[in-house]
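A.B. asks: Encoded as structure tokens, here's the structure I'll be asking about.
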There are 2 protein chains.
Amino acid sequence: MTLGRITRILARDIRFPTSRALDGSDAMNLAPDYSAAYVTVETAGGLVGHGFTFTIGRGNELCVAAARALAPRLEGRDGDDLLADMGETWRHITGDSQLRWTGPDKGVIHLATAAIVNALWDLKGKAEGKPVWRLLSEMSPDEIVALVDWRWLSDALDPGEARARLAARLDGRLARMAALRAIGFPAYTTSAGWLGYSDDKLRALVRAALGQGWSHFKMKVGGDLADDIRRARIIRQEIGPDRKLMMDANQVWGVDTAIAQMRALAEFDPWWIEEPTSPDDVLGHARIVRDIAPIAVATGEHCQNAVMFKQFMQAGALRFVQLDGARLAGVNEVVAVLLLAEKFGLPVCPHAGGVGLCELVQHASYFDYVAVGGSFEDRVLEYVDHLHEHFAVPVIVRDGRYMPPEAPGLSTEMFATSLEAHAYPHGAAWAS
Amino acid sequence: MTLGRITRILARDIRFPTSRALDGSDAMNLAPDYSAAYVTVETAGGLVGHGFTFTIGRGNELCVAAARALAPRLEGRDGDDLLADMGETWRHITGDSQLRWTGPDKGVIHLATAAIVNALWDLKGKAEGKPVWRLLSEMSPDEIVALVDWRWLSDALDPGEARARLAARLDGRLARMAALRAIGFPAYTTSAGWLGYSDDKLRALVRAALGQGWSHFKMKVGGDLADDIRRARIIRQEIGPDRKLMMDANQVWGVDTAIAQMRALAEFDPWWIEEPTSPDDVLGHARIVRDIAPIAVATGEHCQNAVMFKQFMQAGALRFVQLDGARLAGVNEVVAVLLLAEKFGLPVCPHAGGVGLCELVQHASYFDYVAVGGSFEDRVLEYVDHLHEHFAVPVIVRDGRYMPPEAPGLSTEMFATSLEAHAYPHGAAWAS
């Protein structure tokens, strides 16, 4: 089918009052209101792409405004042309030199770019009648390599080598697609361990999660050390010695503090410490990696762009790559980071949760498994059991594994009624 | 005098249509409209602080919106309390966890923080009747150290060592203040070398600058290599072998390209190459430093925060620290970077130009000279001869040197008539 012109790009401020129950509370983010700067790309042919970036409340209006500032770069353009060369389209969207100054390639303008780029990929999936994970998984190595802006990455991985590495994984794509559909993708849960929950609620949630078949559990740390120790002891008691316990400090420590705190928490055998310090501190993470081994370091949900991920990999500053599909500038930049991770032999365990991040980022992991990394080993996709009911194609999680969707698009579309009720500040959810 | 409550924080979108003459054009920023997200902090006592961040046009509205999002953190608070502990006030402004998510500590929200923090410092200078450079230069080491958020910096420089290093420079402060007032601070000019200018205009501007006493000249590179070579030859012919020629690529190269291009331009004896690649690429810069020596690497105008500067210094990835007083989150974070640079033995040569950056950032260099670095060696402050006429206390440049202002405040106040004429989009400058 023909899309025709992009007739309109609409950006909406959607917020959920999650802070009322302290869902999602951690040492840095005390009371988040999960929010989406939600973008629709409308075409003359009638097909609509849906995408978003994620924030935790105040400031969501800035991402909405930034999406509106980017919209004129696409409005009026031919939709089929734009989708036919998504690499060029990505460079065009990110190439407004005046807007770029406000990043560059980071923060509000980059988050808004993610919303728009993801909406275009949702549109592309719908136009081709495929879920985006499969659309990507069926691309040739040349087509995949063409999605990436290599300018600042090729010192670590040049496009020719990326093409060769992808070609080497062509064999087995179909078998891996079948395996994925049969058994799903491994996951872990963060729903139990938020800082704001009481010990009793924590214990009850861990038990409930065990009953649901979860084998990896993540807890928030970085408050008072005695509290962290008490809560870690509860979880380790409940899950036993063999299941994995991960910890997440949400950036609150300095480098030396991170090392000291993790030595104190080592007795609970954490598999990884996530965001031990500033997400900008590549060299600091590298030192933490060396000083707390065998505890691994995971980071990425605030890693601003592929240039930063490149350095984390070059410096040996992380062991688990927790890319975020709404902080990186959409699918194109996610593909870049997947290719880099494969080159450096690092597993990608995307950040999810919030609102819609599980729906969005599962596509990255499936594509990674089928066409890039080619393995489940050490891969776990984050799962948080919040707000899925607002999505037209919600994630399916069974026995602690994600099952891939077959519906066309990027799974980013929310119900119109949900959008209306959670429009900020006048939707019904905010009226009370 | 007593300031009383902060009654209102107003953010204005101020833009100058500089793209019409290609002032400020370079390889990345083809047609900038120099702009300010301009903030006034009004107090019950009547004193007003003025501050801004700088952008190059589109997207300025995002910084204005972000300043408005931050304003409620200060409005209604007691102004004297806020100014009495600027370290705590800085942490309070940057500590809204929901807004922080949209950075964190970078991009639009960080630029807006700069505007507000700088307005508070202008207010503090006016309240104490001193230019900010002198206000800082008369602080004790303890007071200076208390301005900085050390959480993510202390692995490179801890507050105790910073205090000791500042104390070791106490002797000589008065003599350096006198020297500064007598002979001024060394500067260089970027007014001649913009990419958009013709060869004839370039030659004429270089000759004019020579006549004004300039000894350091910066040209933009990163377009076509043959053009870069031709323009470098013109400038080197005009300035002779002894004056300094600096080059600025404004991030357009990848790491390997930067090395190759600078080898090709080495015959013109550049003193430094500025922004050879992505401003986020610490490790890439470190490689360029090693591979193009003795040409030095300078960067910083897009260095997003002190954590990034810390790593550039730890990795030996830059030789000249070009901090920007409106991209770092105002005076407090500038002080942090000055202290780090002194520890690592690196000269600070602030980025200036645009609109008001010269006025703003001169205060950092004077304070650096009097109380931190204590030397003129290898220090040059950028100067661009544009838009100074809009400022109540414009910079004074004589014989290629900046002369320090004595007027109270941060020199950030623009004339009300200028603000009105350049209000975007309805001011007179935009009506035509």
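The values are calculated or read from the model by the stated rules, or taken from the named source; none is laboratory data. Keep in mind that this is a model prediction, so the values were computed, not measured. Please note: Cβ atoms are built from the backbone with ideal geometry, for glycine as well, and neighbour counts cover all protein chains shown. To get the accessible areas, we keep the full protein, side chains included, count just its heavy atoms, and leave off ligands, DNA and RNA. Shrake-Rupley method; radii C 1.70, N 1.55, O 1.52, S 1.80 Å.
A.B. asks: Please list the radius of gyration and Dmax for region A:234-284, considering alpha-carbon atoms only, with Å as the unit.
C.D. replies: My reading of the Cα-based Rg and Dmax gives 12.0, 36 Å.
A.B. asks: Which value, in Å² and to the nearest 10, is the accessible area of B:TRP271 when all protein chains are kept and the probe is 1.4 Å?
C.D. replies: Roughly 40 Å² of B:TRP271 is accessible to a 1.4 Å probe.
A.B. asks: State, as an integer percentage, the relative contact order of region A:285-327 based on alpha-carbon contacts under 8 Å between residues 6 or more apart.
C.D. replies: Relative contact order comes out at 51 percent.
A.B. asks: If I model a spin label at B:ALA182 and A:ALA421 as a point 7 Å from the Cα along the Cα→Cβ vector, what separation in nanometres do I get?
C.D. replies: Output for this residue pair reads 7.6 nm.
A.B. asks: Using Cα pairs under 8 angstrom and six or more residues apart, how large is the relative contact order of region B:1-112, in percent?
C.D. replies: For region B:1-112, the relative contact order is 29 percent.
A.B. asks: A further question follows. Probe of 1.4 angstrom, ligands and nucleic acids ignored: what's the accessible area per residue over the protein assembly as shown, in square angstrom?
C.D. replies: Here the residues of the protein assembly as shown average 31 Å² of exposed surface.
A.B. asks: Let me ask something additional. For A:ARG173, B:ARG134, A:ARG165, what's the largest-to-smallest order of accessible area, 1.4 Å probe?
C.D. replies: Ranked list, largest accessible area first: A:ARG165, B:ARG134, A:ARG173.
A.B. asks: Please give the solvent-accessible surface of A:ASP142 in Å², to the nearest 10, using a probe radius of 1.4 Å with every protein chain present.
C.D. replies: 90 Å²
A.B. asks: Same structure again: Which percent of the accessible area of chain B is formed by carbon and sulfur heavy atoms (probe 1.4 angstrom)?
C.D. replies: So the carbon and sulfur contribution to the accessible surface is 51 percent.
A.B. asks: In terms of the Cα gyration tensor, with a ≥ b ≥ c the square roots of its eigenvalues, is region A:277-432 rounded because a/c is under 1.5, prolate because a/b exceeds b/c, or oblate?
C.D. replies: It is prolate, given that a/c is not under 1.5 and a/b is the larger ratio.
A.B. asks: Within chain A, which DSSP H helices have Cα atoms that stretch 27 Å or more along the helix axis and a mean Kyte-Doolittle hydropathy of at least 0.0?
C.D. replies: Helices meeting the criterion: A:107-128.
A.B. asks: If amide hydrogens are placed 1.01 Å from N in the peptide plane, which non-local residues have theirs closer than 5 Å to the one on B:ARG5?
C.D. replies: Residues meeting the amide H criterion: B:ALA44, B:GLY45, B:GLY79.
A.B. asks: For the protein assembly as shown, what is the largest minus smallest coordinate of the Cα atoms on each principal axis, given in angstrom and ordered from greatest to least?
C.D. replies: If we take the Cα atoms of the protein assembly as shown, the spans are 78, 57, 50 Å.
A.B. asks: Here's something else I'd like to know. Report Rg(Cα)/(2.2 N^0.38 Å) for chain B, keeping two decimals.
C.D. replies: So chain B has a normalised radius of gyration of 0.93.
A.B. asks: Using a 1.4 angstrom probe on the protein heavy atoms only, could you order B:TRP150, B:TRP430 from most to least accessible area?
C.D. replies: B:TRP430, B:TRP150
A.B. asks: What are the radius of gyration and Dmax of region A:162-272, computed over its Cα atoms and given in Å?
C.D. replies: 18.0, 53
A.B. asks: If you average the sequence gap of Cα pairs under 8 Å that are 6 or more apart and divide by the length of region A:81-186, what percent do you get for the contact order?
C.D. replies: 24 percent
A.B. asks: Using a 7 Å offset from Cα along the direction of the beta-carbon, what are the separations from B:ALA293 to the same position in each other copy, nm, ascending?
C.D. replies: Ordered by increasing distance: 2.8 nm.
A.B. asks: Where is the GNM fluctuation largest for chain A (alpha-carbon springs, 10 angstrom cutoff): A:GLY184, A:GLY356, A:GLY46?
C.D. replies: For chain A, modelled as a Gaussian network with Cα springs under 10 Å, the answer is A:GLY46.
A.B. asks: Ok, one more. Using a label point 7 angstrom from Cα along Cα-to-C-beta, what distances in nm, from shortest up, separate B:ALA21 from the other copies?
C.D. replies: For B:ALA21, the other copies' label points sit at 6.1 nm, shortest first.
A.B. asks: Can I ask one more? For region B:214-300, what value does the Rg/Rh ratio take when both radii are computed over Cα atoms and Rh is the Kirkwood radius, given to two decimals?
C.D. replies: Result: Rg/Rh = 0.94.
A.B. asks: A further question follows. Which of the lysines could a cross-linker span from B:LYS244 if the Cα-Cα distance has to be under 18 Å and same-chain partners fewer than 8 positions apart are dropped?
C.D. replies: B:LYS218, B:LYS220
A.B. asks: In the protein assembly as shown, what % of DSSP beta bridges are antiparallel (nearest 5)?
C.D. replies: Around 55 percent antiparallel, to the nearest 5.
A.B. asks: Shifting gears a bit: How far, in whole Å, is the closest Cβ of chain A from the axis that maps A onto B, and which residue does it belong to?
C.D. replies: Nearest Cβ to the rotation axis, residue and whole-Å distance: A:GLY107, 1.
A.B. asks: Moving on to the next point. So in chain A, what percent of DSSP beta bridges are antiparallel if you round to the nearest 5?
C.D. replies: If we restrict to bridges inside chain A, about 55 percent are antiparallel.
A.B. asks: Could you compute how much accessible area chains A and B hide from each other, both sides summed, with a 1.4 Å probe? Nearest 100 Å² is fine.
C.D. replies: Roughly 4900 Å² of accessible surface disappears when A and B pair.
A.B. asks: With n ≥ 4 as the cut-off for DSSP H runs, can you work out [θ] at 222 nm for chain A, using -39500 (n - 2.57) per run divided by the number of residues, rounded to the nearest 500?
C.D. replies: Mean residue ellipticity at 222 nm (helix-derived): -12000 deg cm²/dmol.
A.B. asks: Suppose we take every Cα in region B:18-121 and form the convex hull; what volume per residue is that in Å³?
C.D. replies: 109 Å³
A.B. asks: If you take the beta carbon distance between B:ALA208 and A:GLU88 as r and set R0 to 45 Å, what does 1/(1 + (r/R0)^6) give as a FRET efficiency, to the nearest 0.05?
C.D. replies: Between B:ALA208 and A:GLU88 the formula returns 0.60.
A.B. asks: Another question, then. How many nm separate the modelled label positions at A:ALA293 and A:ASP378, each set 7 Å beyond the Cα in the direction of the Cβ?
C.D. replies: 1.2 nm
A.B. asks: May I pose another question? Rank these residues by their accessible area, most exposed first, probe 1.4 Å: B:VAL321, A:VAL395.
C.D. replies: These residues rank, largest area first, as A:VAL395, B:VAL321.
A.B. asks: Restricted to Cα positions, what overall size does region A:130-206 have along the principal axes? Three whole-Å values, descending.
C.D. replies: Over region A:130-206, Cα extents along the principal axes are 54, 35, 21 Å.
A.B. asks: A further question on this structure: Express the Stokes-Einstein translational diffusion coefficient of region B:238-362 in µm² s⁻¹, to the nearest whole number, given a Kirkwood radius over alpha-carbon pairs, 10 °C and a viscosity of 1.306 mPa s.
C.D. replies: Rounded to a whole number, D works out at 108 µm²/s.
A.B. asks: Would you mind giving the three semi-axes, in whole Å and largest first, of the ellipsoid equivalent to region A:361-432 according to its Cα gyration tensor?
C.D. replies: Working through the eigenvalues yields semi-axes of 31, 13, 10 Å.
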